[in-house]
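Q: Dropping a structure here in structure tokens format, bear with me for questions.
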2 protein chains.
Amino acid sequence: MSKSRDVGDHSGPQRPPTIIDLARESGVSKSTVSRVLNGNLNVSESARTLVLAAMIKLDYQMNSAARSLRTERSHLVGLVMPGIKHVFYSSTAEVLERELQKVGISLLIASSGGTAEGEVLAINSLRSHGADAFILSLVNENDARTVVTLQSIRQQVLLLDRDVPKVVGDKVLIDPRRGVNESIEHLVSLGHTKIALITHGTFVRPGREVKSCFEEALAQRGLTPAAEVLLEFEDVSSQIGWTATEVILKSGATAILALGPSSVTAGVLNYLTWNGLRFPDDISVIVYDETELSSAMKPGLTAIIRPLEEYACLAANLVISRFSDSEAEQRVLTVPTQLMVRDSTGRVKSKAKISRAKQLQ
Amino acid sequence: MSKSRDVGDHSGPQRPPTIIDLARESGVSKSTVSRVLNGNLNVSESARTLVLAAMIKLDYQMNSAARSLRTERSHLVGLVMPGIKHVFYSSTAEVLERELQKVGISLLIASSGGTAEGEVLAINSLRSHGADAFILSLVNENDARTVVTLQSIRQQVLLLDRDVPKVVGDKVLIDPRRGVNESIEHLVSLGHTKIALITHGTFVRPGREVKSCFEEALAQRGLTPAAEVLLEFEDVSSQIGWTATEVILKSGATAILALGPSSVTAGVLNYLTWNGLRFPDDISVIVYDETELSSAMKPGLTAIIRPLEEYACLAANLVISRFSDSEAEQRVLTVPTQLMVRDSTGRVKSKAKISRAKQLQ
DNA sequence: TTGTATGCGTTATCAG
DNA sequence: CTGATAACGCATACAA
């Protein structure tokens, strides 16, 4: 019964105003203030205007900690990614942030650093900050620590282009099939038969999917991969791209699908240009997406386009909708990819011509 | 006096365990539990081990809302940037996140979208989510709405490479002087006298600083700018870079300092390569930083390097340190830039040679 | 339509 | 060293 600041106490303008201050200022009770703040209909117009006036007069800001404590909702969503630095992830994050912002949700980010330990740490950090939901691009779908952590979570989980059957949650997936099919068709029509692939490791869905689509598309045409390089998340440096390309070229490949992280793709291009191999003349290259890199290069880069905007929007809205309808069944949404032909793919050249081209440099 | 769940109530394992559950489980009072959780020294070893055991047994997770309500600290820091998509911002965010994570602080992100209105919205959104501090790269240092909003904030404010005298807060600034000086010196030594600049508008510090350093460096050598293009944050597209380059070339410039957003720089390179202008043969180009773009391009791009890691680390640690010592005087930290000469800068060619080069393409 | 009373989970004060 | 107890600001069931 000892309301300390309920009435009176005209001392400190130091502390931020609370609904009690609003109540005193507008001459109603704090319940009425609360009702106005939450848009409750059962409140007289006069009371409402009074409270609203007090609200702007005192520059009232809701105390989110108090509200969260009471309602058990923080309006915070956590995003875990290998890193936020690379354009694919940062673009996704930007769209997610924008979409969530629209409904008053803020985005909490945490990088796993590309390791499973970092991932668990990131998840727990976000959890300890009270995130209502988690959006995750895992580094490894099989890591037991991550899976266990995810299973022990009460909040909703959404996987971004990842598939962990043991974890309940919605998923937004990228289907590389069309893009890869069109790529192979395109390359084969240009005479290529020795085609190489760089992609993620098979412990994440994108790696598995791309690999299998690639192999299937080749098989349909009686071909086999010239080379395949599967990447770990730990080493997504351009150095890896460089050495991978070195290996691939030894296989005699005349075309490369560089469908890994952008830093690796940069390494591929790096190796090619710095070794005097010009595309499409000496080798054909297909990369992911339309980036600053791919548009600034002289031969525009033929690319498999991932519908990034749609991908992230779907994810955001899935998360949002589940807040209202928490018991809906698990949903899996898939977005397609497609090939955009530019100038880094061309007719295959004979070995002799390639050698000559190299010497000319 | 009606403790509902203080004792007994073995009903629901549904709700997450609280310190009361820990207290019951370990046979001590919740005060002692709280002490253990906060590392308070005044607690017996026996009690501590008891509580710790209960903690892992029940998989206890601190309720951050309750703690925040009580301590008035959320351990959340808000980051406001024009957008998170571009590599400079996303890299900064990544480093900030990593450094803050080390001391248990999570990063809340909000994009302003490059507009002043969006900026105010972003700040208020973060504020409503209880951020303890704000790290900001403003879009416009002069916008009254933003300034007023910032002034009305109780939390600490840190400006990233921005300078708003009317706002109290620490600052971490990038000093372009050395990098720009070295660039001009380098270019002049190669015979260039007509040098153009692309940078931010003068309503943000980077724009002002780069512009004045550029002009001073030229003046010291008896030169004047061949052209200057100042950018708005609203239009940081590669299209702008393209048209800007078109304009600049008409001025007869033989060298371009492209020191704006990376998308604009991409547009510059785009224009040059697609119009058959090769660097350094036809024109010299200096860009910002070492990016995937600049390392993958064939002539490696000469660049002014900003110490991004240091920049973000300083910012993070400034924020962290001010939490302990909130009344310290305002601090302004500055990080230097420097030129890294690669291959996109070379001896100036005569007009005739440039024309010939263009025709050869 | 409005006010009163209670509890959310935590920290902090104060008495033992 | 420990335990009881009072806030923190808000939402809400219930009474009026």
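The values are calculated or read from the model by the stated rules, or taken from the named source; none is laboratory data. Fair warning: this is a prediction, and the values are worked out from it, not measured in the lab. In this analysis, Cβ positions are derived from the backbone assuming ideal geometry, glycine residues included, and neighbour counts consider all displayed protein chains.
Q: Would you pick out the residues in region A:204-232 that are assigned to a loop (DSSP other than H, G, I, E, B) and in contact with a Leu (Cβ under 9 Å, 6 or more places away or on another chain)?
A: Result: A:204, A:224, A:225, A:226.
Q: Ok, one more. Condition first: under 21 Å from residue A:176 (Cβ atoms), in a loop (DSSP other than H, G, I, E, B) and not small (Gly, Ala, Ser). Now tell me which residues in region A:247-278 satisfy that.
A: Answer for region A:247-278, where residues must be under 21 Å from residue A:176 (Cβ atoms), in a loop (DSSP other than H, G, I, E, B) and not small (Gly, Ala, Ser): A:259, A:261.
Q: So, one more: Go through region B:117-135 and give me each residue that's more than 9 Å from every other protein chain (Cβ to nearest Cβ), farther than 14 Å from residue B:73 by Cα and free of Cβ contacts under 8 Å to residues at least 60 places away in the same chain.
A: Across region B:117-135, the qualifying residues are B:117, B:118, B:119, B:120, B:123.
Q: Do you know which residues across region A:126-143 are surrounded by 20 or more Cβ atoms within 10 Å (Cβ to Cβ) and among the small types (Gly, Ala, Ser)?
A: Once the filter is applied, which keeps residues that are surrounded by 20 or more Cβ atoms within 10 Å (Cβ to Cβ) and among the small types (Gly, Ala, Ser), region A:126-143 yields A:130, A:131, A:133, A:137.
The rows are residues; the columns are (1) surrounded by fewer than 24 Cβ atoms within 10 Å (Cβ to Cβ); (2) in the same structural domain as residue B:210 (by TED's automatic domain parsing).
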| position | (1), (2) |
| --- | --- |
| B:247 | yes, yes |
| B:252 | yes, yes |
| B:260 | no, yes |
| B:266 | no, yes |
| B:271 | yes, yes |
| B:313 | yes, no |
| B:318 | yes, no |
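Q: Does residue B:138 qualify as being outside any loop (DSSP other than H, G, I, E, B), more than 9 Å from chain A (Cβ to nearest Cβ), on the phi < 0 side of the Ramachandran plot and not β-branched (Val, Ile, Thr)?
A: no
Q: Next question. Looking for something without any contact (Cβ under 8 Å) to a residue 60 or more places away in the chain and over 30 Å from residue B:128 (Cβ atoms) - is there at least one such residue anywhere in region B:167-182?
A: yes
Q: Can you pull out every residue in region A:83-104 that is surrounded by fewer than 23 Cβ atoms within 10 Å (Cβ to Cβ) and more than 8 Å from chain B (Cβ to nearest Cβ)?
A: A:88, A:95, A:99, A:102, A:103
Q: Also: Regarding region B:35-52, can at least one residue be identified that is free of Cβ contacts under 8 Å to residues at least 12 places away in the same chain, within 16 Å of DNA strand C (Cβ to nearest atom) and in contact with a Gly (Cβ under 8 Å, 6 or more places away or on another chain)?
A: No - not one qualifying residue is present in region B:35-52.
So that you can scan it fast, the table gives a plain yes or no per residue for (1) surrounded by 14 or more Cβ atoms within 10 Å (Cβ to Cβ); (2) in the same structural domain as residue A:150 (by TED's automatic domain parsing); (3) within 12 Å of DNA strand D (Cβ to nearest atom):
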{"position": "A:32", "(1), (2), (3)": "yes, no, yes"}
{"position": "A:38", "(1), (2), (3)": "no, no, yes"}
{"position": "A:51", "(1), (2), (3)": "yes, no, yes"}
{"position": "A:55", "(1), (2), (3)": "yes, no, yes"}
{"position": "A:67", "(1), (2), (3)": "yes, no, yes"}
{"position": "A:79", "(1), (2), (3)": "yes, yes, no"}
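Q: Listed residues B:199, B:193, B:146; which is surrounded by 19 or more Cβ atoms within 10 Å (Cβ to Cβ), touching a residue at least 24 places away in the same chain (Cβ under 8 Å) and under 18 Å from residue B:285 (Cβ atoms)?
A: Answer to the selection: B:199.
Q: Here's a follow-up. Which members of region B:68-82 meet the condition of being within 7 Å of DNA strand C (Cβ to nearest atom) and at the interface with chain A (Cβ under 8 Å from one of its Cβ atoms)?
A: If the condition is that a residue be within 7 Å of DNA strand C (Cβ to nearest atom) and at the interface with chain A (Cβ under 8 Å from one of its Cβ atoms), then B:69 is the only one that fits.
Q: Okay, moving on. Residues that are modelled with pLDDT of 95 or more, touching a helix residue (DSSP H, G or I) at 6+ places or on another chain (Cβ under 6 Å) and basic (Lys, Arg): does region A:178-201 have at least one?
A: No.
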